[in-house]
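First the structure, in the form of structure tokens, and then the observations on it.
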Amino acid sequence: MNDRAIRILDAFSQFPFLTAEQVIALQIYGPGSYQKVRAILKHFVDLEYLLRDTPLSDKPVGGVAYVYWLATRGRSVLESVMHFCADSLFTKLCSNHVKLRSIAVSPDVNCLRKSA
């Protein structure tokens, strides 16, 4: 697993629920990398590192904005690579699908940008 892939997984330890657009806002990949980030996130879903679902809000123009969060296997990868330790609140949030469905995803991804 390369450095960027690890950084994407690690982002979910700081922000438990993210969309592809929000991952891009974290500046792991450049602003023109939306399709690439979506493909990486889907690959992580296929590997069972991440789980995904859509929020209950209306479908955005152009398709579904998936919300992603760490799966058990993704937390295990982070534990082995970065000595990441998920606290009980984070584990409870990620394992409780019902809580995700009630979270509204903010279209303002600027709140995730690192301060200069």
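The values are calculated or read from the model by the stated rules, or taken from the named source; none is laboratory data. Just so it is clear, the model here is predicted, and its values are computed rather than measured. Glycine also receives a Cβ, built like all others from the backbone with ideal geometry; neighbour counts cover every protein chain displayed. Areas reflect the complete protein model, heavy atoms only, side chains present, ligands, DNA and RNA absent. Shrake-Rupley method; radii C 1.70, N 1.55, O 1.52, S 1.80 Å.
Looking only at the range 44-65, filter to residues that are under 14 Å from Gln22 (Cβ atoms) and modelled with pLDDT of 90 or more; which one of those is surrounded by the most Cβ atoms within 10 Å (Cβ to Cβ)?
The qualifying residue surrounded by the most Cβ atoms within 10 Å (Cβ to Cβ) is Leu50.
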Practice task
Mind listing whichever residues of the range 1-18 are open to solvent by 30 Å² or more (accessible area, probe 1.4 Å) and of a type in the set (Phe, Trp, Tyr)?
Solution key: Phe15, Phe17
Problem - the range 22-43 - residue that is over 10 Å from the mean Cα position of the chain (by Cα), under 25 Å from Thr72 (Cβ atoms) and in contact (Cβ under 8 Å) with a residue 12 or more places away in the chain and, of those, most open to solvent (accessible area, probe 1.4 Å) - result: Arg38
